[in-house]
Amino acid sequence: MPYDIIFAPAEDIVGVVDAILAKPTECSKDFISKFADISSTQTINALHMAIQLGLANEDNVTGFFSSNSFLARLIVSSRNDNHKAAIMWLVLEQYEPYITFKSRFSFSGSIDLACKQVKTLYSMSCSYKDIRNAIISIATYSKAMINDGASSYKLNQDEVSYIEILELALKFKASDDNALRAQLGENVCDYLNTANVFNPLSDSYSKIQNIDTDPNTIILYAGNAFESFLQQIADDHSISLIGKNGIGQKSDALSSVISKKHRGMIQYICQIRNAADHGADVDEGGNGWSVSSESAQMYPIIVASIIKNVVLRESGLLIV
């Protein structure tokens, strides 16, 4: 991959990665911009850097974005900002231009010179100032570099604390994955599409644990996982869902394979997701709904429970 750095704040990069993982299928640039609440230009720049860092991929045919990066999942599902920083530090340490920058900065003691040398060594078309600003933003966000005052920076040598935080983040994520597997059971887990259903649902479990997470984001992750699950059911039964939008229409289209009782339960998933996803409600005088923290906390667990019940019915077990 050719390297070329453009400036994008670390927060924007994390925001676009979060958007991509929230919508594992047909994730467009417009969706990412709206989800991350940043401008089109900011989105383009942040996507470029997310791809550079190996956190995202673009399909050159469809123009949609996706991510198969475990580190990306760790970032968006981290418990707190310290965990997020430690994971981003690990991401940065795997990026070749940054490895070169560290070496040149340690040798010369000059950030500007090190960035000019990175530009030359990798034949980058960007300006060295873009390289400088991007590296400083991502490196200080991740605590790989420390602001020493008066626009002076130094590399963070406290690798012991960094490794301890990283280990804790990995431990928590493994615990969240295991909790979901325990709820679903081995057979259901084996059936589910990992990238489109299990991963975003697990990430919604993780987001429950972060008190700073927007409730709507938890709903979006779990809701999109469930919609992908419905698509998986449709594909397995050769039922077309073309033209069927959202969970409600897809569920109705699957009436021949999903029981009436389960479809009734799915309406809860649909209504909560609609409240989080859409604006004004014409039935409520144009007022908008908000999602309570209690609903957000329970939503992924209910989604997982209904997924399990629908799958088990395929083997003859009637459970609600």
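The values are calculated or read from the model by the stated rules, or taken from the named source; none is laboratory data. Only a predicted model underlies this, so the values are computations on that prediction, with no experimental measurement involved. Positions of Cβ are generated from backbone atoms using ideal geometry, with glycine treated the same way; all protein chains shown enter the neighbour counts. SASA here: full protein model, heavy atoms, side chains in, ligands and nucleic acids out. Shrake-Rupley method; radii C 1.70, N 1.55, O 1.52, S 1.80 Å.
Counting only protein chains, not ligands or nucleic acids, how are THR120, THR25, THR43 ordered by accessible area (probe 1.4 Å), most first?
Details: THR120 105, THR25 60, THR43 0 Å².
Ranked list, largest accessible area first: THR120, THR25, THR43.
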Size of electric dipole in the stretch 1-157: Cβ of Lys, Arg +1 and of Asp, Glu -1, about Cα centre, debye, nearest 20: 420 debye
Cα centroid separation - the stretch 191-247 against the stretch 112-126, whole Å: 42 Å
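In this model, which of LYS102/LYS143; LYS23/LYS250; LYS34/LYS207; LYS29/LYS129; LYS173/LYS250 are farther than 22 Å apart at the alpha-carbon?
Cα-Cα > 22 Å for LYS29/LYS129; LYS173/LYS250; rest within.
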Most mobile listed residue (ASN199, ASN57, ASN287) in the chain, GNM with C-alpha springs under 10 Å: ASN287
Shape call, the chain: gyration tensor on alpha carbons, a/c limit 1.5: prolate
Alpha-carbon Rg with Dmax, taken over the stretch 281-320, Å: 15.7, 45
Under the Karplus curve 6.51 cos²θ - 1.76 cosθ + 1.60, θ = phi - 60°, whole-Hz ³J(HN,Hα) for the stretch 141-155, x wherever Gly or Pro sits: 4, 7, 6, 6, 10, 10, 6, 8, x, 6, 6, 10, 10, 9, 6
Separation of the LYS34 and GLN271 label points, Cα + 7 Å toward Cβ, nm: 2.4 nm
Largest to smallest accessible area among VAL14, VAL320 [probe 1.4 Å]: VAL320, VAL14
Max mean-square fluctuation residue, GNM over the chain, Cα-Cα springs under 10 Å, options ALA280, ALA19, ALA56: ALA280
C-alpha long axis of helix 111-121 to longest principal axis of the chain, angle in °: 80 degrees
Segment MET298-THR194, extension gain: residue separation times 0.36 nm, minus the distance between their alpha carbons: 35.3 nm
Residues listed by number, the stretch 90-126, amide nitrogen under 13 Å from MET1 label point at 7 Å toward C-beta: 91-98
3J(HN,Hα) from dihedral phi, the stretch 34-46, Karplus parametrisation 6.51/-1.76/1.60, rounded to Hz, x for glycine, proline: 5, 5, 7, 6, 10, 5, 4, 5, 4, 5, 4, 5, 5
Surface accessible to a 1.4 Å probe, ASP277 within the full protein complex, Å²: 80 Å²
Gyration tensor verdict on the stretch 171-315 (Cα atoms; rounded if a/c is under 1.5, prolate if a/b is larger than b/c, oblate otherwise): oblate
PHE107 paired with GLN157, simple spin-label distance in nm, labels 7 Å along Cα-to-beta-carbon: 2.0 nm
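Add -39500 (n - 2.57) for each DSSP H run of 4 or more in the chain, then divide by its residues: what number comes out at 222 nm, to the nearest 500 deg cm²/dmol? Working shown, then result.
On the way: 15 runs with 204 residues, N = 320.
Computed ellipticity for the chain at 222 nm equals -20500 deg cm²/dmol.
Can you classify the stretch 1-157 as rounded, prolate or oblate using the Cα gyration tensor, where a ≥ b ≥ c are the square roots of its eigenvalues, rounded means a/c under 1.5, and otherwise it's prolate if a/b beats b/c and oblate if not? Walk me through the numbers before you get to the answer.
Numbers: a/c = 2.03, a/b = 1.52, b/c = 1.34.
Prolate, because a/c is 1.5 or more and a/b exceeds b/c.
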Relative contact order of the stretch 171-315, pairs being alpha-carbon contacts under 8 Å that are 6 or more residues apart, as %: 29 percent
Simple spin-label estimate for GLU186 and ASP283 in nanometres, 7 Å along Cα-Cβ: 4.4 nm
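From largest accessible area down, sort PHE64, PHE31; use a 1.4 Å probe on the protein chains. Present the calculation step by step, with values, prior to reporting the outcome.
Details: PHE64 70, PHE31 50 Å².
Largest accessible area first, the list is PHE64, PHE31.
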Rounded to the nearest 10 Å², the accessible area of TYR95 at probe 1.4 Å: 10 Å²
Choice from SER204, SER28, SER110 with maximal GNM fluctuation in the chain (Cα, 10 Å cutoff): SER110
